2 protein chains.
Amino acid sequence: MEVLKNEIRRLSGSNDAAVDEILKELTPKNLKKGAFLQRAGTISQRYYFIEKGAVRLFYEKGMEEFTVWIGTPGQIFTDLESYLSGQLSRINMEALEASQVYTITKDKSDKLATQSNAYNTILRRTVEIAFVNLSKNVISFQSDQASERYERVANEKDWLSKYPLKYISSFIGITQSSLSRIRAKKD
Amino acid sequence: MEVLKNEIRRLSGSNDAAVDEILKELTPKNLKKGAFLQRAGTISQRYYFIEKGAVRLFYEKGMEEFTVWIGTPGQIFTDLESYLSGQLSRINMEALEASQVYTITKDKSDKLATQSNAYNTILRRTVEIAFVNLSKNVISFQSDQASERYERVANEKDWLSKYPLKYISSFIGITQSSLSRIRAKKD
DNA sequence: TCTATTATTTGTCATATGACAAATAATCAG
DNA sequence: CTGATTATTTGTCATATGACAAATAATAGA
């Protein structure tokens, strides 16, 4: 779990002893391509840490799927709305390729947070970073054209050309066809 | 500072002694209608707590203003991107009416966070709540029509009909004229 | 209260993007 | 390798919303 170890060290700013205290609470889980880590209609009761692969978070509305986020190694996530409220999640989490994630239950996480300052800091920074990133997204929706939003994501996310268009376009907030045309123009 | 006291008690789940420890670190600031709490081009080095009134956060692009958020009594905010990175903020903060806010500098806030578990909890919950709310916004941008976004905001925000349209429409992600027409249809 | 300023509504027309469908292209399972 | 499935591109047309401007309406300062 090299990637996670580095990321946890980086986020917490802590030494290896403190980091190991955290790591030993995490349970590994391997996912085949297409496997679900969590389905809409259940309650998010775990935090997830990605070691390898990629996980897509999406919700369904009508007949369509909308991608909320795509996570890559080193990233930490959950459906925070469900996790905090205890209500049913509307989010599905699906492995886009063979992946390895580590998980911790809410119970364990809460306990660890009271004991470990390093862990506490990781969770806080994770939400802070997520908030700042999401803010940029909202700004882009408010004041950018579709092609500008595409550019922005393309510059920041290495997965933009790696996974099927249909997963990407809803993240950018446009249809597949439009994304295809935007991409065609850029060549 | 009744409103803030209640909110801080609620968020921290702490007793009055712990709450008072926090309150005594806050400095009051009164704003006339139209006054700026902070301007784009400066660094966000404070957290703000609203006791009374309303504060609008917006950025400028081209000749236009885009409202990012409108805060009302009990709410806690800053431009987190600038606050965390130390880089220049693109956000302006303007009082929509005569307001009273309490402020704390980053230095004091950081120190208080190490000393007071209650304060730490407040900051964490504030970001968590903000993140969840922002997520709902993004989902609305992805999968709702303009009129649906309007409805959603109208149901959640009591300020929707209280302040000028021009401040509201960019928050919803549409033009003033479109918002005016949407509103006309609803009657 | 009156006038000037600012905000909102409404009209007309333009345009970015969506909807739907068909044609290619790429990928995958046997 | 090959056919079947899935993904992408491309065409045509529809539509929600924007752009701009003018007409009202509301608000605020003297």
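The mean sequence distance of close C-alpha pairs (under 8 Å, at least 6 residues apart), as a share of the length of segment B:85-182, puts its relative contact order at 17 percent.
Restriction of the chymotrypsin sites (Phe, Trp or Tyr not before Pro) in segment B:1-110 to DSSP coil positions whose beta-carbon has at most 16 other beta-carbons within 10 angstrom yields no sites. For segment B:1-51, the Kirkwood hydrodynamic radius from C-alpha pairs, put into Stokes-Einstein at 20 °C and a viscosity of 1.002 mPa s, yields a diffusion coefficient of 168 µm² per second. Across the identical copies, the 7 Å label point of A:SER177, projected outward along Cα→Cβ, sits 2.6 nm from its counterparts, in ascending order.
Its Kirkwood hydrodynamic radius, worked out from the mean inverse distance over all distinct Cα pairs, puts chain B at 17.5 Å. The count of lysine pairs in segment B:2-114 with alpha-carbon distances below 15 Å, taking only pairs 8 or more places apart or on different chains, stands at 7. With label points set 7 Å from Cα along Cα→Cβ, the inter-copy distances at A:ARG10 are 3.8 nm, sorted shortest first.
Counted by neighbouring Cβ atoms within 10 Å, the residues A:MET1, A:MET93 run from fewest to most as A:MET1, A:MET93. Averaged over the residues of peptide A:137-146, the number of Cβ atoms from other protein chains lying within 10 Å of each residue's Cβ is 5. Exposure proxy ranking for A:THR114, A:THR72, based on other Cβ atoms within 10 angstrom of each Cβ and starting from the fewest, stands as A:THR114, A:THR72. Within the listed set A:PRO164, A:PRO73, A:PRO28, the residue fluctuating most in the Gaussian network model of chain A (springs between alpha-carbon atoms under 10 angstrom) is A:PRO164. Take the Cα radius of gyration of the protein assembly as shown and divide it by 2.2 N^0.38 Å, N being the number of residues; the result is 1.02. Note on chain A: GNM, Cα springs under 10 Å; of A:VAL132, A:VAL101, A:VAL55, the largest mean-square fluctuation is that of A:VAL132. With its label point put 7 Å out from Cα toward Cβ, A:LYS136 sits 2.6 nm from the same residue's point in the other copies, in order from shortest. Would you kindly state the longest site-free stretch of chain B, with sites defined as trypsin sites (Lys or Arg not before Pro) in a DSSP loop (not H, G, I, E, B) surrounded by at most 11 other Cβ atoms within 10 Å? Here the longest run is B:40-185. Considering helices alone, the calculated mean residue ellipticity of chain A at 222 nm is -15000 deg cm²/dmol, with DSSP H runs of length four and up weighted by -39500 (n - 2.57) and normalised per residue.
In segment A:2-143, Cα pairs under 8 Å separated by at least six residues give a relative contact order of 32 percent.
No value in this document is a laboratory result; all are computed from the given coordinates. Computed from a predicted structure; not experimentally measured. Don't worry about glycine lacking a Cβ; one is built from the backbone with ideal geometry, like all the others, and counts go over all protein chains shown.
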